[in-house]
Amino acid sequence: FKLVQYFMRFPRKARLSVRYLVMDMNASYQQLIKLVFPNAQVVTDRFHIVQQITRSLNQLRIKKMNSFNNSSSEDKKKYRRLKRYWKLLLKDSDSLDNREPSYHPLFKRHLYAQDIIDELLGYDEQLKLAYEAVQLLHYYRKKKDSDGFFSVIQTLDKHLPKWFRKKLCFLNNHKQGIQNAFTLSYSNGVTEGLNNKIKLIKRVSYGYRNFYHLRDRIYIIQGLIFS
């Protein structure tokens, strides 16, 4: 309601001239756009597309990891490995460093990054299927191929958990916005980066009692105040 009030202060002619709006996948914002910017097309921010995909895979990893947290020594090894190397599973396969093997104490041998992933995926078939689907989504996203991207979602393996498929199928609700994201260069990257920086400033300082002190700190960090 406050956002509607804010944007309604601008002349109708100006609001009608807005062509694109970059946003996350919040359904309430969609309604706001239709009301305030009737001619605007939604561009789903690429950060939130990736976030939806990786969070889904990570939630599945955690569920599978916890299933190995029992009294079996072999299962305990799997649990520790899935907990230690979670970042590798979320990485785009093209960005893996496979130039030379490194020694990994949890495996007690030298391994390439891809070797570790293969070992982890061998612990559970659903995790392997999910990983392969996510890597395909990343591939088509980088190729800006929306047809291939949504084809992967439509043909998800039925052996995958229903909740996992539902999380990825959620992207179908924002098909037009995702297609626009693949074809247009618009992004909220700068805004998201600044928001994260402000959160970090607040966290490392354990909060500010005075808003103006926080504001000044942000200005200093951004190089907007010079001595």
> If you scan the stretch 75-99, which residues turn out to be open to solvent by 70 Å² or more (accessible area, probe 1.4 Å) and under 24 Å from Tyr139 (Cα atoms)?
Replying inline: Trp86, Lys87, Lys91, Asp94, Asp97, Arg99
> Could you say whether any residue in the stretch 38-49 is over 21 Å from Gly189 (Cα atoms) and either at pLDDT 95 or above or not aromatic (Phe, Trp, Tyr) (or both)?
Replying inline: yes
>> Residues that are of a type in the set (A, V, I, L, M, F, W, C) and in contact with a strand residue (DSSP E or B) (Cβ under 8 Å, 6 or more places away or on another chain), at least 2 per element: which helices (runs of 4 or more DSSP H) completely within the stretch 114-227 meet that?
In response: 175-183
> Which residue out of Phe47, Phe37 is under 19 Å from His174 (Cα atoms) and in contact with a strand residue (DSSP E or B) (Cβ under 8 Å, 6 or more places away or on another chain)?
Replying inline: Phe37
> From the list Tyr131, Tyr219, which residue is hydroxyl-bearing (Ser, Thr, Tyr) and at pLDDT 95 or above?
Replying inline: Tyr131
> Can you name every residue in the stretch 10-63 that is open to solvent by less than 40 Å² (accessible area, probe 1.4 Å), farther than 21 Å from Gly193 by Cα and in a helix (DSSP H, G or I)?
Replying inline: Arg15, Leu32, Ile33, Val36, Ser56, Leu57, Asn58, Leu60, Arg61
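The values are calculated or read from the model by the stated rules, or taken from the named source; none is laboratory data. A quick note: this is a predicted structure, and the numbers were derived from the prediction, not measured. Because the Cβ atoms are built from the backbone with ideal geometry, glycine has one as well, and the counts that use them run over all protein chains shown. SASA here: full protein model, heavy atoms, side chains in, ligands and nucleic acids out. Shrake-Rupley method; radii C 1.70, N 1.55, O 1.52, S 1.80 Å.
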